[in-house]
Structures are given as structure tokens and as C-alpha cells.
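Bear in mind that the values in this text are calculations on the coordinates, not laboratory data. Note that the structure is a prediction, hence the values are computed from the model and not measured. Counting neighbours? That spans all protein chains shown, and the Cβs are built from the backbone with ideal geometry, glycine included.
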Amino acid sequence: MKTTTTHHSIAIYGPEEVHQKAMLIKPHLQKAAVFYPDIIGWFERTAIGGIWRNERAIITVSHADRLAAFAILKHTRNESKICTFMVLESFRFSGVGTQLMKHCLSMFPGTMPGISISEEALPPFLPLLKRFRFGMPLVHTSPYVRGIDEYVFDPCKRIIPLPGNGYYYTV
């Protein structure tokens, strides 16, 4: 499904387009490996498999046929989460992040999804999270990289951090 706004086009991709979009976003995911060392493995094993099962989706924002931003969402009966949210550097502070967040939230009617962000990447996200009322985060101590905490924003208070990698969602 593709929609166009004033300057950007937004597309939501499911199983039929997954491999095409995977190749487009995968090089950008690698940039997050400093905070999430297994992000490429997670993407190939978990995210793509979840898209095939209709439990995940990729949303992209493009500008002049160039990728500007993307998100990977998880939407199951038990879990609503923005797993990945990335605005490419040349499009930051241009409104693309706000546009992407609006579309992410529209994919979760009736509920507010959770999102977690590495403490190193958190400062530029704070205005966006405040604007969309994600509330105060829980701090999960060093789940992915020793010495780097993860901030878990969970407006519906469903996420319980687990020791090691991951979170548990209450229903």
C-alpha cells in the first residue's frame, strides 16, 4: 500500500515485497550494529520471518525516489511494538520522523505500541517521543552491549524487561 503526502511517499510492505525492501534497508540497519550487534541476524531470522507470518511490517518513507526513513513493526495478539525506527541522516530534522511515527501509530488502532531505544541514540528521539506521549521509560541495563542501557517506552505498561536480550509482554 502506498500513499503520497506533500513531499514524501509512504509505503507499507508485507510478504509480497519483503525481499525487495529487505535489500533496500539492510545496509542502513548495519549502522545500528554498534548498539545492537546482532541486528542483521535478527532482521534475517526474526523480522523477515515475522513479515511472512503477517506479524511484522516494514514502513518506508521516500523522498524523490530515495529512501528517507523506515520502521519495522511487530503486531501480534500479545505484542505491539516499533522494533526499528530509523531516519537516514540527510533527512533528520526535516519532519520525516514525525511523518513516519504517525504512520507507525496508525498501524496499531486502539493501542499505543512500545519502543525501546539505546541510550546512545536516545537524545534526538526525545522530542518525538514526548510529542507522541510515550511517557517515561524503564531502563534496561546493558541488554545488548555492555555499558549501554536500553530505554523502554511502554505507554500501555505491558513490557517487562528480561535479563539478557529481550522483553516479555503481558497481555
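List of remarks:
- Candidates per trypsin sites (Lys or Arg not before Pro) in the range 6-92, loop by DSSP, up to 14 other Cβ within 10 Å: R53, R77, R92
- Calculated Rg and Dmax of the range 70-140 using C-alpha coordinates, Å: 12.0, 36
- With the gyration tensor restricted to C-alpha atoms of the range 2-169, the semi-axes of the equivalent ellipsoid amount to 23, 18, 17 Å, longest first.
- Inter-centroid distance (Cα atoms) of the range 16-48 relative to the range 78-123, Å: 16
- Cross-linked pairs K21/K157; K31/K102; K74/K102; K81/K102; K21/K74; K81/K157: Cα-Cα separations exceed 22 Å for K21/K157; K31/K102.
- Q20/I148 FRET efficiency (R0 41 Å; Cβ-Cβ; nearest 0.05): 0.80
- Point-to-point label distance, K157-E120, nm (Cα→Cβ direction, 7 Å offset): 3.3
- Size of charge dipole - the range 2-169 - debye, nearest 20, with Cβ of Lys, Arg +1 and Asp, Glu -1, no other charges: 360
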